[in-house]
1. Give me the percent of Cα-Cα pairs in segment 41-195 that sit more than 19 Å apart, rounded to a whole number.
2. Report ³J(HN,Hα) in whole Hz for each residue of segment 195-201, in order, from the Karplus equation J = 6.51 cos²θ - 1.76 cosθ + 1.60 where θ = phi - 60°; Gly and Pro get x.
3. Under a Cβ-only charge scheme (Lys and Arg +1, Asp and Glu -1), can you give me the dipole magnitude of segment 43-160 about the Cα centre, in debye to the nearest 20?
4. Using θ = phi - 60° and the Karplus form 6.51 cos²θ - 1.76 cosθ + 1.60, what ³J(HN,Hα) does each residue of segment 89-102 get, whole Hz, x for Gly and Pro?
5. Report, in degrees rounded to the nearest 10, the 0 to 90 angle that the Cα long axis of helix 9-28 makes with the longest principal axis of the chain.
6. For the chain, report the % of Cα-Cα distances exceeding 34 Å.
7. Rg over Rh of segment 170-307, using C-alpha atoms and the Kirkwood radius, what does it come to?
8. Any idea how many Lys pairs in the chain come in under 15 angstrom at the alpha carbon, given 8 or more places apart or on separate chains?
Amino acid sequence: MEKGATAFPFPIAVSCLFIVFILATSVSGSLFFNFYAASCPTAELIVRNSVSSSSSSDPSIPGKLLRLVFHDCFVEGCDASLMLLGNNTEQSDPANRSIGGFSVIESAKRVLEFLCPGTVSCADIIALAARDAVALTGGPMIQIPTGRRDGMVSVASNVRRNILDTSFTMDEMINRFSNKGLSLFDLVILSGAHTIGTAHCSSFRDRFQQDSKGKLTLIDKSLDSSYANELMKECPLSASPSVLVNNDPETSMVFDNQYYRNLITNKGLFQSDSALLSDNRTRRLVEDLAKDQQFFFQSWGQSFLKLTTIGVKTGNEGEIRSFCASTNA
Ligand code: HEM
Ligand SMILES: [Ca+2]
Ligand SMILES: [Ca+2]
């Protein structure tokens, strides 16, 4: 080959490979860090502002946003299926009755539709908002990839067979998590979300029994008795169905490892929380997390990344909704 002819092939080959790589990754549909860097550079900032301004006027918002992403991602993947309104959509299942935070997602979406119409998915806003809710309450700030697209399907009957109930045994919980590609480790780490937020009395009433005089008594021996007494006081049978109890009786507004310290002192609110301490497969991990907040935060980053990539739709799948509560068609 002539001397000068060798000057071009290498860079050309490299750029061809680069183009093929770009095409391949966008067609095969993966998420990217900073997916909106060119198409909507302020996307993540807008979501963060929306989460912090709504949380400063309503401190219950971070907990709501964190639960919202869990219930979205476990049903049809992280695709905002949970936001669709209509007859028999996911929101009509009783497991989703107390889900909130939708208005925060919608308000970020309104701003983003104004700034970059048809670009940022509701599914990404949900994942980013939950990420920001954790950071805002003192948890780790983590980078998450974006590029999720919004789903078209939302059916109430899909909820019950994917979401977990507080009455589940450890095996049932492990099973539901592994169906989503999540491990036993992820189960213990992501349950740490209960370090913030609240619950309705009905969510843990099964740990008490009503005696012949209508008085509640503790039947679940894995609960600390003075904590149980407090709960019975806050949640008598006569309590209004709207009464709320803190998930973390110590630091309910702070995303920290207090949840695991509560488990060790038998103050896990739900039966499914206490199970993490009583089961031999998870006790040691709970103890390690209770001792080491850095370890919890690092692990949270890994497990949250897995949670927020469950069954994502990318590339040409799904759509970018104009309003999160309805599909475009
Ligand atoms: C492992 C099985 C789990 C069960 C059985 C469970 C169950 C529950 C229940 C019953 C409530 C109270 C709902 C109410 O009464 O209003 C609740 C609240 C909450 N859950 Fe879970 N959960 C689980 C895992 C998770 C995960 C993985 C996350 C997120 C990563 C999460 C985040 C939350 C948050 C933040 C709240 C508070 C919601 C608020 O303040 O409005 N949970 N959970
Ligand atoms: Ca979903
Ligand atoms: Ca806490």
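1. 54
2. Result, rounded to whole Hz: 6, 10, x, 9, 9, 7, 3.
3. Computed charge dipole of segment 43-160: roughly 160 debye.
4. 7, 3, 5, 7, 6, x, 5, 9, 4, 9, 6, x, x, 4
5. Compared with the principal axis, the helix lies near 40 degrees.
6. For the chain, the share of Cα pairs beyond 34 Å comes to 29 percent.
7. Using Cα coordinates only, the ratio equals 0.99.
8. Close lysine pairs under the 15 Å cut-off: 4.
The values are calculated or read from the model by the stated rules, or taken from the named source; none is laboratory data. Keep in mind the model is a prediction, meaning the values are calculated, not measured. Note that we place each Cβ from the backbone using ideal geometry, even for glycine, and neighbour counts take in every protein chain shown. Note: areas computed on protein heavy atoms with side chains; ligands, DNA, RNA excluded. Shrake-Rupley method; radii C 1.70, N 1.55, O 1.52, S 1.80 Å.
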